[in-house]
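Structure first, commentary second.
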Amino acid sequence: GQTILGSPIRHQTVVNYLTAAYQLLRDRNHSFESKTDYIEIILSALANYECIPNRRNMITDGMVQWFIDESRTQGNDSALASITDWIILGRYTGARASEWCQTTQSNYAVINEWPGSPSLAFTRNDFTFLGQQERRLTDDDIRNLTIDHICHVRMEWRKQKNKDNGQKIDFARDDEHPDYCAVRAALRIYLRSLRLGYPPHEPLGVFQNPKGQSKFITATMTAAHLRNSASLVLNIKKDDPSLKLWSTHSIRVTA
């Protein structure tokens with residue numbers, strides 16, 4: 001996407017460039033072999049992406065890095081820090097907006113048809129951290145242990161659009177790329193909920209505003225931060241309508 005015009009490169013353009021590069025190498029008797037056609041995998045993904053109606057834009061690596069760098073200039077419980085953690089985690093989970101953020105900062109969506117009307121979004125009860133040999137860690141463990149002792153996070157999707165309710169998926173700690181580690185992001189999200197005093201059955205997508213008030217992250221806030229990042233990183237004017245193609249669903253598209 002690093003083009004002079006600042007716009008995405010389309011599938012056919014990529015194919016044309018790769019065809020020319022292949023021709024150049026073949027003419028010079030260079031050959032490269034691989035058991036897996038990685039180029040075709042990427043081209044197929046790009047072609048499928050372009051065919052999605054009303055699609056949202058992906059979050060580029062540069063945008064993610066902007067979130068990481070910018071969040072470090074603010075408090076650990078700031079809105080930007082919280083949204084950054086959900087973006088990092090969302091790159092692996094593909095979580096829907098309803099699974100982690102709200103429409104208002106004061107209230108959260110519930111599953112009315114279920115007993116007790118539980119939270120629709122992830123809660124601390126849905127996150128289980130595992131140590132060596134898959135030992136389940138307590139809140140005291142999580143508060144006191146270093147990241148070296150926390151190996152996995154197990155997330156449960158209690159309710160899903162595809163009806164695969166109760167699905168559990170484990171994500172492993174990534175020490176080679178700690179800034180993009182799902183376990184580290186999940187741990188920060190979990191500890192933030194504990195620090196801000198939320199009960200274990202309420203949504204995890206929380207932050208503290210400049211007045212010191214604890215609030216829920218909203219889809220509107222997230223979209224605003226994503227569009228600001230896209231504008232700054234990709235050099236898109238603030239009034240460019242293409243910025244509207246970044247929204248909370250961009251996290252799922254990126255995953």
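The values are calculated or read from the model by the stated rules, or taken from the named source; none is laboratory data. What you see is a predicted model; the values in this text were computed from it and never measured. Every residue, glycine among them, receives a Cβ derived from its backbone with ideal geometry; neighbour counts consider all protein chains shown. We work out accessible area using only protein heavy atoms, side chains counted, and drop any ligands, DNA or RNA first. Shrake-Rupley method; radii C 1.70, N 1.55, O 1.52, S 1.80 Å.
Table for the structure above
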{"item": "Using θ = phi - 60° and Karplus 6.51 cos²θ - 1.76 cosθ + 1.60, couplings along segment 181-187 (whole Hz; Gly, Pro as x)", "result": "6, 5, 5, 5, 5, 4, 5"}
{"item": "Largest-first ordering by accessible area, 1.4 Å probe, given options Ile169, Ile251", "result": "Ile169, Ile251"}
{"item": "Unit charges at the beta carbon, dipole of segment 90-154: most positive-side option, Ala121, Ala95, Cys151", "result": "Ala95"}
{"item": "Alpha carbon convex hull of segment 29-129, projected area averaged over orientations, nm²", "result": "12.1 nm²"}
{"item": "Packing-based ranking, highest mean first, of 18-24, 126-132 given that Cβ atoms within 10 Å are counted", "result": "126-132, 18-24"}
{"item": "Selection from Ala185, Tyr22, Gly205, by position along the positive dipole direction of the chain (Cβ)", "result": "Gly205"}
{"item": "Long-range amide H partners of Phe129 with built H, under 5 Å", "result": "Leu137, Arg154"}
{"item": "Separation in nanometres of the label points that stand 7 Å from Cα toward Cβ, at Leu25 and Glu50", "result": "2.1 nm"}
{"item": "Listed peptides 84-96, 219-231, 199-211 by packing density, highest first (mean Cβ within 10 Å)", "result": "84-96, 219-231, 199-211"}
{"item": "Integer Hz, Karplus 6.51/-1.76/1.60 couplings in order for segment 115-121, x for Gly and Pro", "result": "x, x, 6, x, 4, 6, 7"}
{"item": "Acute angle (nearest 10 degrees) that the helix 38-51 long axis makes with the longest principal axis of the chain, alpha-carbon atoms", "result": "70 degrees"}
{"item": "Extended-chain gain in nm, criterion 0.36 nm per residue less alpha-carbon gap, Ile169 and Ala255", "result": "29.5 nm"}
{"item": "Segment 148-211: C-alpha gyration tensor shape, a/c 1.5 cut-off, then a/b vs b/c", "result": "oblate"}
{"item": "Estimated dipole of segment 90-184 in Debye, rounded to 20 [Cβ of Lys and Arg +1, of Asp and Glu -1, Cα centre]", "result": "400 debye"}
{"item": "Length gained when the stretch Ser214-Ala109 is fully extended (0.36 nm per residue, less Cα-Cα span)", "result": "36.1 nm"}
{"item": "Positive-pole candidate from Leu43, Ile68, Leu80, dipole of segment 1-130, charges at beta carbon", "result": "Leu43"}
{"item": "The chain, accessible surface, carbon-and-sulfur percent (1.4 angstrom probe)", "result": "51 percent"}
{"item": "Helix-only CD estimate at 222 nm, as mean residue ellipticity for the chain, using -39500 (n - 2.57) per DSSP H run (n ≥ 4)", "result": "-12000 deg cm²/dmol"}
{"item": "Computed accessible area, Arg124, all protein chains, 1.4 angstrom probe, square angstrom", "result": "20 Å²"}
{"item": "Segment 142-190, dipole about Cα centre (Lys/Arg Cβ +1, Asp/Glu Cβ -1), debye to the nearest 20", "result": "480 debye"}
{"item": "Rounded D (µm²/s) - segment 105-247, Kirkwood Rh over Cα pairs, Stokes-Einstein at 25 °C, 0.890 mPa s", "result": "142 µm²/s"}
{"item": "Acute angle (nearest 10 degrees) that the helix 61-71 long axis makes with the longest principal axis of the chain, alpha-carbon atoms", "result": "30 degrees"}
{"item": "With eigenvalues of the C-alpha gyration tensor scaled by 5 and rooted, the chain, Å", "result": "36, 23, 18"}
{"item": "For the chain: accessible area per residue (Å², 1.4 Å)", "result": "59 Å²"}
{"item": "Percentage relative contact order, the chain, counting C-alpha pairs under 8 Å, at least six apart", "result": "25 percent"}
{"item": "Rounded to 10°, Cα long-axis angle of helix 79-93 versus longest principal axis of the chain", "result": "60 degrees"}
